[in-house]
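Chemist: I am attaching a structure below and will ask some questions about it afterwards.
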Amino acid sequence: MKILIADKLHERAVEAIKAAGEVVYQPAELEPELAEAQVLVVRSATKVTAELLEKAPKLKLVIRAGVGLDNIDQESCNAKGIRVMNTPGVSTNAVAEMTIGCMVAAMRGIATGHCKMKEGEWAKKQLMGHELSGKTLGVIGCGRIGLAVAERAFYMGMRVIGHNVPPRRETSYLSYVELDELYRQADVITLHVPLAPGTKNMINGESIAKMKDGVYLLNLARGGIVDEEALYEALREGKVAGAALDSFAEEPYQGKLLGLDNVVLTPHIGGSTVEAQEKIGIMVAQMLKDLGPELGLE
């Protein structure tokens, strides 16, 4: 089978996928390769649109190497009989660990302290932080990643509340509340929802106004969930004490948040670990092995 990997994957993931067929990896020009591709593997960068699908007449399978399918036009794929898959679970640990790391970084001013020292400034007196233990964490989106974050936070001494649309997965380390109640109670809020009509800009001026003064906000899910202008104003005014963002409405991000000291910004690397990428390669290769006969891929 002819497999086109459009976005960057770890070399070990690419090697695992090569065992399943003939691979073209990150071509200089995507369009010529689409004409012969039977399988298209993407991450976040490539948008699988109706227009792109018109250039791929032999395509039978699109695999998103990661969680979520918001960069894939599933309706157009379905209309053409193209199967759409993703790799849920492989980056859960990577994103959960980074969320905890970003929480600590935001609440302790780690990024600011680092940058100040690089500039030759010893900013010890400016950086009085907060401990996680004893604080209330609000998790919006209690799927695999949200619950993994909740579990880790609970064992670090945090009280954890969550909000999720049904079905709810009951756990011993999280209790569910309505969204407005989560805003009212949480000292820290972390987002783990997909980008959809119901979640686009769900964190906006109105929702921020319902939060505690001095709340910390984290988004390691999808850009577009947070109204970045509203967050900028809330950070500047102190309503939000600090934030950590790993995804943005437009990437690469070049907006006003770069000018604030109380926000930690990273370039969408939540799932970017060697371990997660290896798991992705293994899972994609297994998918191709399992689905190949069914889809007529040789």
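Chemist: Over the C-alpha atoms of the stretch 92-265, what are the Rg and the largest Cα-to-Cα span, Dmax, in Å?
Modeler: Cα only, the stretch 92-265: 15.4, 51 Å (Rg, Dmax).
Chemist: Let me ask something additional. May I ask you to list the GluC sites (Glu not before Pro) in the stretch 1-98 that are in a DSSP loop and have at most 16 other Cβ atoms within 10 Å of their Cβ?
Modeler: Passing both the DSSP loop test and the Cβ count: E29, E36.
Chemist: Counting pairs of alpha carbon atoms under 8 Å apart in space and at least six apart in sequence, what relative contact order in percent does the stretch 79-225 give?
Modeler: Computed over the stretch 79-225, the figure is 22 percent.
Chemist: Please provide three numbers in whole Å: the alpha-carbon extents of the chain along the principal axes, with the largest listed first.
Modeler: The principal-axis extents, from largest down, are 62, 47, 32 Å.
Chemist: Same structure again: Could you work out the percent of alpha carbon pairs in the stretch 123-192 separated by over 17 Å, rounded to a whole number?
Modeler: The answer is 39 percent, as a whole percent.
Chemist: Now a separate question. Looking at this model, which pairs from K58/K279; K8/K80; K116/K256 are more than 23 angstrom apart at the alpha-carbon?
Modeler: In this structure, K58/K279; K8/K80 lie more than 23 Å apart at Cα.
Chemist: Another one. Find, among the trypsin sites (Lys or Arg not before Pro) in the stretch 146-199, those assigned to loop by DSSP (not H, G, I, E, B) with at most 15 other beta-carbon atoms within 10 angstrom.
Modeler: Passing both the DSSP loop test and the Cβ count: R168, R169.
Chemist: Positive end of the charge dipole of the stretch 92-265 (Lys, Arg +1 and Asp, Glu -1 on Cβ, about the Cα centre): tell me which of N262, V95, H192 has its Cα farthest that way.
Modeler: The listed residue farthest towards the positive side: V95.
Chemist: So, with +1 on the Cβ of K and R and -1 on the Cβ of D and E, and no other charges, what is the size of the charge dipole of the chain about its Cα centre, to the nearest 20 debye?
Modeler: 680 debye
No lab work stands behind these numbers, since they all come straight from the coordinates. This one's a predicted model, so the numbers in the text were calculated from it and none came from an experiment. Quick reminder, even Gly has a Cβ in these numbers, built from the backbone with ideal geometry, and neighbours come from all protein chains shown.
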